[in-house]
Amino acid sequence: ASGQVVITNIHYYQEQAASPLSLTQALQRFAQGDFSLFEPPTLTVGQLSLFEHPALTFGIRDRGVWVRLALENQTGAIQARRLTAGMTWLEQVDVFYISSGRTQTYTGGDGLAANEHLLPAVGIVFALDIADGQSEVWLRVQSLDPITLPIRLESLEQAQQTDSKAHLTSGLLYGILLALAAFQLVLYRILKHRNALFYTLYVGTFVVMNFGYTGYGFAWIYPQNPVIQNYSTLFFMVLHAIFGLLFMRSFLKVRKNFPRLDRGLKLYMLVGLLAITTCTLAQTHLLSALWAFGYITLTTLIMILTSLISITKVKDARYFLLAVCCSMAGLCVTSLSTLGLMPYSQLGYHSAEIGVVCEAFILAIIVTNRLKVIENERITTKFLATYDPLTKLFNRHAFEQMTTKLLQQAEHYHAPLSMAILDLDHFKAINDNYGHHVGDMALKHIADIMKHAARPNDIVARWGGEEIVVLMPNTRLTDAHTLCEELRETICNSPLVTADDESIVITASIGLASTKDYPTFSLLFRAADEQLYLAKKLGRNLVKFVLPSKRGSDLNEA
Ligand SMILES: Nc1nc2c(ncn2[C@@H]2O[C@H](COP(=O)(O)OP(=O)(O)OP(=O)(O)O)[C@@H](O)[C@H]2O)c(=O)[nH]1
């Protein structure tokens, strides 16, 4: 039987006086011809009608509006229908169903606690039994939020389909946005970077705001509290804008690049927050609505302008701009269609959500990318603090720190510990003959040999220039000597082969000392260094050390 109950025409009237009209007065006005005929816009793309469900829009106003629907039931029987008459945020919607001189009255809207007529994501709905022949529905709507009245008269099966579609769309939207926000929150937990936190709050406040205006909050969470319903959406709208600005300041480095603008933004955010808090606490609904809509529009413009002027200064600012433009475009279409400045359609109404999803995706990608760069820099800095970039051996600083610790342990456990200092022979000649580049290759080559020769607990570090130090825990001088001898031999038997296929024999001199006689780092180092000097003096390619019993003599020569 669907389709055989039709709305034949729609008339509307905007009250002029602050005091509301009664139904009788409205009927009189209609009879006098004060009502206007509503002509829904039409636009079809192929089979699809963009303005499938006519919607009347009156913007934000403090006076009531009347709508009259003329119905015709051609089925010859009473038909059950569901009438959707307005968005979930409307404060009060009175419905008068008139047939054969009898009037039935219903009241819905979010101004009334636990209102059963409010269906989240769908609107304010009424179940009507439509009498055979002609009948009328009269609606009176009063709200300080935008008065947007999509009108649908649906059979019960159609209504069910509409509901499923609406819940599915909302589920999808929340799913995507919450997943993106959760991902950034995890990144924030790990990397502690503000970009990720502000992103989470920016997207999170949008979800809360959306939960408010779609009516889920009122239907599911605070049905007894119309005050929360009336103010939460507007409050979170401003909060969403503020987190957007905080995110932008951090991402576009506004404080560093435009200090004066940054100070202005701080003030702007403070004013935004104070104003909406005051309006909310004072429960001035009209002012809150005007402030919230104005503030979010101005904020989006500020974000667009700031990203425009940041393009030359900040990497990825152009993507930030693209993201904000997506959201701005969506928000504009939704605002214009809810405020009645452009024809209302479902697509238009959902544009803000589509825009925000696009924005959230783009922002998630650029934030993750930014965090990757920051993390890489952090890893590099950490690496450079510990390692020598050329040879990838520990650097001098790391070596000193580790040695101090190991010396304390050796002393505590009365364990032996040896230190060797290795210096390449005539290294200057390699640089001079083959170039600095080959000198570097030689250093790397020797470092690789030493890494390979070192035992798991040995510590090999580049002390500086062509000097490499080795700390050998739990190693007596004689064992250390054997190891150093092997190392010296390996080095001189492993010539460096250059890119030109030239083979360069490299030799090294090594000085060795043990903690048995030199218990502190400086003494140990100086002793090893003295032995190195001796090795050089005695002709190079040698390992030199002092026997503990005969300090100063040099019995072991390679
Ligand atoms: N290619 C290269 N050369 C370096 C690096 N660090 C230091 N040098 C060079 O190493 C050379 C060390 O020269 P010297 O101290 O005179 O010692 P040497 O030529 O090895 O002679 P002996 O130590 O007496 O055998 C200098 O020419 C430095 O410029 C480096 O990282 N890369």
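The values are calculated or read from the model by the stated rules, or taken from the named source; none is laboratory data. For clarity, every value in this text was computed on a predicted model and none was experimentally measured. Every residue, glycine as well, gets a Cβ built from its backbone with ideal geometry; the counts of neighbours run over all protein chains shown. For the accessible areas, the whole protein counts, side chains as well, though only heavy atoms, and no ligand, DNA or RNA atoms are used. Shrake-Rupley method; radii C 1.70, N 1.55, O 1.52, S 1.80 Å.
Taking Cβ atoms as reference points and 11 Å as the exclusive limit, the residues near Tyr319 contribute a net charge of +1, counting Lys and Arg as +1 and Asp and Glu as -1. For the peptides 322-331, 477-486, 79-88, the ranking by mean Cβ contacts within 10 Å, running from highest to lowest, is 79-88, 322-331, 477-486.
Counting Lys and Arg as +1 and Asp and Glu as -1, what is the net charge of the other residues whose Cβ lies under 9 Å from the Cβ of Asn230? Surrounding charge for Asn230 is -3.
Projecting the Cα atoms of Val438, Pro456, Ile468 onto the dipole axis of segment 425-470, where Lys and Arg carry +1 and Asp and Glu carry -1 at the beta carbon, places Pro456 farthest toward the positive end.
With a ≥ b ≥ c taken as the square roots of the eigenvalues of the C-alpha gyration tensor of segment 137-290, please select rounded if a/c is under 1.5 and otherwise prolate if a/b is larger than b/c or oblate if it is not? Here segment 137-290 falls in the oblate category. Taking every protein chain into account, the accessible area of segment 239-320 amounts to 51 square angstrom per residue (probe 1.4 Å). Summing Lys and Arg as +1 and Asp and Glu as -1 over all other residues whose Cβ lies under 14 Å from the Cβ of His437 gives a net charge of -3.
With +1 on the Cβ of every Lys and Arg and -1 on the Cβ of every Asp and Glu, and nothing else charged, how large is the dipole of the chain about its Cα centre, in debye rounded to the nearest 20?
Working: 45 positive and 46 negative charges, 297 e Å.
Approximately 1420 debye in magnitude.
When peptides 266-277, 119-130 are ranked by their average number of other Cβ atoms within 10 Å per residue, the highest-first order is 119-130, 266-277.
Measuring against 30 Å, Cα to Cα, the residue pairs Lys313/Lys372; Lys382/Lys544; Lys165/Lys192; Lys313/Lys382; Lys192/Lys451; Lys405/Lys444 contain Lys382/Lys544; Lys165/Lys192; Lys192/Lys451 as the ones spanning a longer distance.
For segment 167-182, the Karplus equation 6.51 cos²θ - 1.76 cosθ + 1.60, evaluated at θ = phi - 60°, returns couplings of 5, 5, 4, 5, x, 5, 4, 5, x, 5, 5, 5, 5, 5, 5, 5 Hz by residue, with Gly and Pro reported as x.
In percent, how large is the relative contact order of segment 479-529, given Cα pairs closer than 8 Å and 6 or more residues apart?
On the way: 42 pairs, mean separation 13.8, N = 51.
It comes to 27 percent, rounded to a whole number.
Applying a 4.7 Å Cβ-Cβ cutoff to the chain leaves Cys279, Cys325, Cys332, Cys484, Cys492 as cysteine residues with no disulfide-compatible partner. Would you pull out the residues with amide H under 5 Å of His117's amide H, same chain only if 5 or more places away, H placed 1.01 Å from N? Those qualifying (amide H under 5 Å, at least 5 residues apart or on another chain) are Gly109. Projecting the Cα positions of Thr75, Val65, Leu43 onto the charge dipole of segment 25-80 (unit charges on Cβ atoms of Lys, Arg, Asp and Glu, taken about the Cα centre) puts Val65 furthest along the positive direction. Taking all C-alpha pairs of the chain, those more than 37 Å from each other amount to 55 percent. Expressed as a whole percent, the accessible area of the chain that falls on carbon and sulfur atoms is 59 (1.4 Å probe). Each part reduced to its alpha carbon centroid, segment 326-346 and segment 469-508 end up 75 Å apart. Is the shape of segment 343-449 rounded, prolate or oblate, going by the alpha carbon gyration tensor and its root eigenvalues a ≥ b ≥ c, with a/c under 1.5 for rounded and a/b larger than b/c for prolate? Here segment 343-449 falls in the oblate category.
Which of the peptides 431-442, 57-68 is most tightly packed, and how do the rest follow, judged by the mean count of other Cβ atoms within 10 Å per residue? Mind showing how you got there, number by number?
On the way: 431-442: 15.1, 57-68: 18.3.
Ranking the peptides 431-442, 57-68 by packing returns 57-68, 431-442.
Near Ile151, the amide H atoms lying under 5 Å from its own belong to Ala55, Leu56; only residues 5 or more places off or on other chains count, and H is placed 1.01 Å from N.
Computed with a 1.4 Å probe over protein heavy atoms only, the accessible surface of segment 360-483 comes to 54 Å² per residue. Each residue of segment 222-229 was assigned a 3J(HN,Hα) from its phi angle through the Karplus curve 6.51 cos²θ - 1.76 cosθ + 1.60 (θ = phi - 60°); the sequence is 10, x, 8, 10, x, 5, 4, 4 Hz, with glycine and proline shown as x.
For the chain, the 222 nm mean residue ellipticity estimated from helices alone, with every DSSP H stretch of n ≥ 4 adding -39500 (n - 2.57) and the total spread over all residues, rounds to -18000 deg cm²/dmol.
Here the Karplus relation 6.51 cos²θ - 1.76 cosθ + 1.60, evaluated at θ = phi - 60°, turns the backbone of segment 201-207 into coupling constants of 5, 4, 5, x, 5, 5, 4 Hz, with x for every Gly and Pro. In this structure the amide hydrogen of Gly64, modeled in the peptide plane, comes within under 5 Å of the amide hydrogens of Glu15, none closer than 5 places in sequence on its chain.
Rounded, prolate or oblate: which one fits segment 21-168, using the alpha carbon gyration tensor with axes a ≥ b ≥ c (rounded when a/c is under 1.5, else prolate when a/b beats b/c, else oblate)? Note, shape of segment 21-168 comes out rounded.
At 1.4 Å probe radius, can you tell me the per residue accessible area of segment 1-123 in Å²? Before the final figure, lay out the partial values.
Working: 6040 Å² over 123 residues.
On a per-residue basis, segment 1-123 sits at 49 Å².
Taking every C-alpha pair closer than 8 Å and separated by at least 6 residues, the mean separation divided by the residue count of the chain gives a relative contact order of 10 percent. Glu39 exposes around 140 Å² of accessible area when a 1.4 Å probe is run over every protein chain in place.
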